[in-house]
Amino acid sequence: MFMQTSNAMWISLSLSLIFLSSCANDAPAGAAARKVDPGAALAAQVKQAPAEAAPAADSAPATDGEQQQVSGVGSENPNYTNGINDQNRGDKIGKVKFSGNIPNRNGTLYLFETEGRNVAAIDSTTLVNGQFDFGQVEVGRGFYGLGFESKKKTGDIIMNPDEPVLNIKFQNARLIGGGTDSRENQGWFAYRGAEAANKNQVRQLYKSGKGKEEETKRLVKAKEDELAMAQRKFIQDYPGTYLAKFLTWKQPRFIGDKGTFLSDIDVSDNSLVRSMALPDRVQSMMRTFSGGKDSGFLSCIDLVKASCEDNPLVLEFALYNMLDGFYNTGKETICQYILDNYIFDEDCGANLSDVIRQRAQGIINLRVGNTPPNFTIADPSGKMVDLGTEVAKNEYTLVMFWASWCHKCEQEIPNLVPMFKDYNPRGFGTIGVSVDQQKAAWTKAIADNQIPWLNVSQLKGWDAPITDDYKITQTPTYFLLDKEGKIVLKPERWFEIQRFLQARI
């Protein structure tokens, strides 16, 4: 039997350790993949800088805004600024009265609690002529999301009980800026704009820097330093805020020593899980110190676990983000290491909750030999197609995630069509699951490519629930299922499927 699709939408964190030659970033504007950071992915193609040029950290806090030299733990990061003081240190739970305005919007507005990239709706209210009022909401310090669908976050804000009244007049429905008396969000909106501009410049450098690796690396380093200087200024301009603490977390204190890379982060602070600071730091640690080898990744994983184990909440957060990231980059043997040694191990996993095991089970179910989630999704005519029903009709069924705008899909489909026609009479079925948003583009691609198999789509792009259930971060992605619905192959190319079928039917 197929598992029922989970109601929770866990947004994947990709470690982006390699550049995947897929269509993860070939979507048209508004449909770009949210699970693969092209800047980070392309950065992995550039030869890594020596260890002393990589960020690291130390546990002993510097005095506020001061940089101290500590010997024996790597060299001091010249960009480091400590914005953690008695006002913003640790977590704080309290009520915040939250209201505001979104121009030209009516309907339901959802408030999401965040755990890194994971989101869960915690409240909702009705927009009337653009006005909304959540009343008093009990929150801890950190980032929260707003959106117009129950499983889709549109924008981020900071909520902090230090500011018991929060009112934001958003500029538009993108929810990325607006007028507010909140120092937290004044700073956040301004910083986010600066960071987005910087990252876009970095992407352009990588895009135009092919064949000029050393020059590109130098220019990217200059942009990274510019961003670090901007972070320092925001820390100084918004003292005592959660924003200042978040930006401090983003700058490791020491450089060149993986043993102290996370030691400047106070893992007893539960507000750490309401930001991307720790996942981003762990991702940087993997890129810097692993050497791209499995043994290096395992060593880093062990250090992350040791650094976080005093706080089960933060430990679960770190373990799941690593598990999810390694799965999304195809390193399933490393996923198994995390599962066996830290999540399902009777000793190491003793202090973990059932929640992380349930989340981990979602990844386990997508491995070869296991049964993925069932789905029932409409085809272009509106007829509902049930995966379990279709699988039972065939010896083998290929589930292909694709999109009309995917260039790699365009290369694969001309080979898949004759293969389907050849093997379909012998018990081979295929279901295409499109991550398109526009029905017209989807159906045109089906007609233009003369695709003969079943096709379904939720027409929500990368925000479609099915992409989260199957952890789809690129197109095409294939799952080959047997008659019982178990995964027998997760190929990358069409000819792998052909070889499998040639040997069996």
Checklist line | Residue among Thr241, Phe98, Phe112 farthest towards the positive dipole end of region 46-257, charges placed on Cβ | finding: Phe112
Check: Just how far, in whole angstrom, is region 483-505 from region 332-399 if you go by their alpha carbon centroids?
Finding: 18 Å
Item checked: Additional length obtainable on full extension of the chain from Val385 to Leu313, 0.36 nm per residue less Cα span -> 22.0 nm
Check: Quick one: if you stick a label point 7 Å off each Cα along the C-beta vector at Asp354 and Phe148, how many nm between them?
Finding: 3.8 nm
Note to self: Considering just Cα atoms, how many Å³ per residue does the convex hull of region 46-257 enclose?
What the structure shows: 130 Å³
Check: By the scheme Lys and Arg +1, Asp and Glu -1, what is the net charge of all other residues having a beta-carbon under 13 Å from that of Tyr423?
Finding: +2
Item checked: Set of region 258-297 residues, backbone N closer than 20 Å to the point 7 Å along the Cα-Cβ line of Asp340 -> 293-297
Next item on the list: About the Cα centre of region 46-257, how large is the charge dipole given +1 on each Lys and Arg Cβ and -1 on each Asp and Glu Cβ? Please answer in debye to the nearest 20.
Entry: 900 debye
Notebook entry, point to check: Efficiency by 1/(1 + (r/R0)^6): what FRET value for Lys439 and Glu395, r their Cβ-Cβ distance, R0 = 25 Å, to the nearest 0.05?
Noted result: 0.20
Notebook entry, point to check: Straight-line reach from Lys210: which lysines have Cα under 18 Å away, leaving out those fewer than 8 places along the same chain?
Noted result: Lys47, Lys199, Lys221, Lys223
Notebook entry, point to check: For region 376-502, what does the alpha-carbon gyration tensor say about shape, rounded, prolate or oblate, given a ≥ b ≥ c as the root eigenvalues, a/c under 1.5 as rounded, and a/b over b/c as prolate?
Noted result: rounded
Note to self: Using a Förster radius of 22 Å, what is the FRET efficiency between Ala503 and Gln361 based on their Cβ-Cβ separation? Nearest 0.05, please.
What the structure shows: 0.10
Notebook entry, point to check: Which whole-number percent gives the relative contact order of region 46-257, counting Cα pairs below 8 Å spaced six or more residues apart?
Noted result: 29 percent
Margin query: Just want to confirm a number: the relative contact order over region 376-502, from Cα pairs under 8 angstrom separated by 6+ residues, in percent.
Written below: 34 percent
Notebook entry, point to check: Can you give the FRET efficiency for Lys486 and Leu298, using 1/(1 + (r/R0)^6), R0 = 25 Å, r = Cβ-Cβ distance, to the nearest 0.05?
Noted result: 0.30
Margin query: Within region 376-502, how many Lys pairs that are eight or more residues apart, or on different chains, come under 22 Å at the alpha-carbon?
Written below: 22
Next item on the list: May I ask what percent, to the nearest 5, of DSSP beta bridges between residues of region 381-483 are antiparallel?
Entry: 35 percent
Next item on the list: Please work out how much length the chain gains when fully extended from Ser124 to Glu332, using 0.36 nm per residue of separation minus the C-alpha to C-alpha distance, in nm with one decimal.
Entry: 71.1 nm
Checklist line | Among Trp453, Gln502, Ser381 the positive-end extreme of the charge dipole of region 376-502 (Cβ point charges) | finding: Gln502
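Read the figures in this text as sums done on the coordinates, not as results from a lab. Predicted, not measured: the structure shown is a model, and the values here were computed from it. Reconstructed Cβ throughout: ideal geometry from the backbone, glycine too, with neighbour counts over all protein chains shown.
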